[in-house]
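In what follows, a single structure is set out as structure tokens and then discussed.
The values are calculated or read from the model by the stated rules, or taken from the named source; none is laboratory data. In this text the structure is predicted, and so the values were computed from the model without any measurement. Note that we place each Cβ from the backbone using ideal geometry, even for glycine, and neighbour counts take in every protein chain shown. Only protein heavy atoms, including side chains, enter the accessible area calculation; ligands, DNA and RNA are left aside. Shrake-Rupley method; radii C 1.70, N 1.55, O 1.52, S 1.80 Å.
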Amino acid sequence: ISNGPHSEFFSASKNLVAKVPDNIEPSQASFTVLASIGLQGIRLMSPMIGETVVVYGLGVIGLLSSQILKANGCNVIGIDIDENKCHLARKLDINALIIGDKDLLVREIMQQTNEHGADSILITAKTDANDVIKNSANMCKKRGKVILIGDVGLNLDRNDFYEKEISFQVSSSYGPGRYDYTYEEKNIDYPYAYVRWTAKRNFEAILNLMSADKINTDDLVSKE
């Protein structure tokens, strides 16, 4: 699998190629790069077993990320404005809430976390509105984390983050090495001991999860 263009054949850098296990179908393997985008955001979050993570946006990357988090032993709460996406998430055994009144949404997250708030928020939504970033801060616990994978309005209210000392970080693509000319074009890898999870190694981690039936992609395919 690689991150190549949409074509039948292409020449790929060895640092961006991972071998697909024999028990994975090509249709499933085609989700590897998208899942790695979610995985990189999760790595920045560093979630621990038992923590509650809200995945804000249940598109393809959101649904893949939710499954990765569950495989990591996290309590996942997915939220979206689309009932169909929430229904699909529930088919994948993900606790999904439809976004209606924002105050009720935050209240529901607080109730499900014993009034502490979510340990982390992973934003995979796309919208120009600032509601997503504000809601994320409001439903996050003190000293929690908000990681942005998606593309949302970023007119931040300082008090939302200041009062709780919330950490905010933007995740870039699918791992270290992406956009680095020496890594992508010159095939110079980062030392394994110092950069454990490069883009390629993230690909391999996703393929291993797929091979172990930890990531279900069948329900994510709407057309072929």
**Amide H contacts of PHE168 (H built 1.01 Å from N, under 5 Å, at least 5 apart or other chain)** = VAL146
**Complete:** accessible surface per residue for the chain, probe 1.4 Å, DNA/RNA/ligands not counted, whole Å² -> 54 Å²
**Asked** So what are the ³J(HN,Hα) numbers for region 84-98, from phi and the Karplus equation (6.51, -1.76, 1.60; θ = phi - 60°), rounded to whole Hz, Gly and Pro as x?
**Response** 5, 5, 5, 4, 4, 4, 5, 4, 8, 6, 10, 5, 10, 10, 7
**Request:** Past 18 Å, Cα to Cα, is the threshold; run LYS91/LYS214; LYS200/LYS223; LYS102/LYS134; LYS85/LYS214; LYS126/LYS200; LYS70/LYS223 against it and keep the listed order.
**Result:** LYS200/LYS223; LYS85/LYS214; LYS126/LYS200; LYS70/LYS223
**Request:** Just the number, please: Stokes-Einstein D of the chain in µm²/s, Kirkwood Rh from C-alpha pairs, 10 °C, 1.306 mPa s.
**Result:** 88 µm²/s
**region 90-205 - convex hull of alpha carbons, volume per residue in Å³** = 162 Å³
**Item:** Extension gain from ALA193 to VAL17, taking 0.36 nm per residue of separation minus the Cα-Cα distance
**Value:** 61.4 nm
**Total charge dipole magnitude, region 5-105, about the Cα centre, Cβ charges on Lys, Arg, Asp, Glu only, Debye to nearest 20** = 320 debye
**Request:** Normalise the Debye intensity by I(0) for region 1-66, one equal point scatterer per Cα, no solvent, then take log10 at q = 0.12, 0.14, 0.17, 0.26 Å⁻¹ and round to two decimals.
**Result:** -0.41, -0.54, -0.75, -1.20
**Request:** Calculate, in nm to one decimal, what LYS142 and THR182 gain on full extension: separation in residues at 0.36 nm each, minus their alpha carbon distance.
**Result:** 10.4 nm
**Prompt:** For region 107-160, what is the charge dipole size about the Cα centre, in debye to the nearest 20, if Lys and Arg each add +1 at the Cβ and Asp and Glu each add -1 at the Cβ?
**Reply:** 220 debye
**Fill in**
One computes Rg over Rh for region 29-144 from alpha-carbon atoms, with the Kirkwood Rh, and obtains 0.93
**the chain: relative contact order in percent, alpha carbon pairs under 8 Å with at least 6 residues between** = 24 percent
**Prompt:** Ignoring any ligand, DNA or RNA, what whole percent of the accessible area of region 94-224 comes from carbon and sulfur when the probe is 1.4 angstrom?
**Reply:** 45 percent
**Fill in**
So the compactness index of region 113-156, its C-alpha Rg divided by 2.2 N^0.38 Å, takes the value 1.12
**Prompt:** Could you give the dipole magnitude of the chain about its Cα centre, charging the beta-carbon of Lys and Arg +1 and that of Asp and Glu -1, in debye to the nearest 20?
**Reply:** 600 debye
**Request:** Determine the share of region 1-42's accessible area contributed by carbon and sulfur atoms, expressed in whole percent, with a 1.4 angstrom probe.
**Result:** 57 percent
**Request:** Considering the options SER36, TYR183, ASN114, tell which one lies farthest towards the positive end of the dipole of the chain, charges being +1 on Lys and Arg and -1 on Asp and Glu at the Cβ, about the Cα centre.
**Result:** TYR183
**Request:** Tell me which residues come under 5 Å, amide H to amide H, from GLY78 once H is placed; ignore anything under 5 positions away on its chain.
**Result:** VAL55, ASN95, ALA96, LEU97
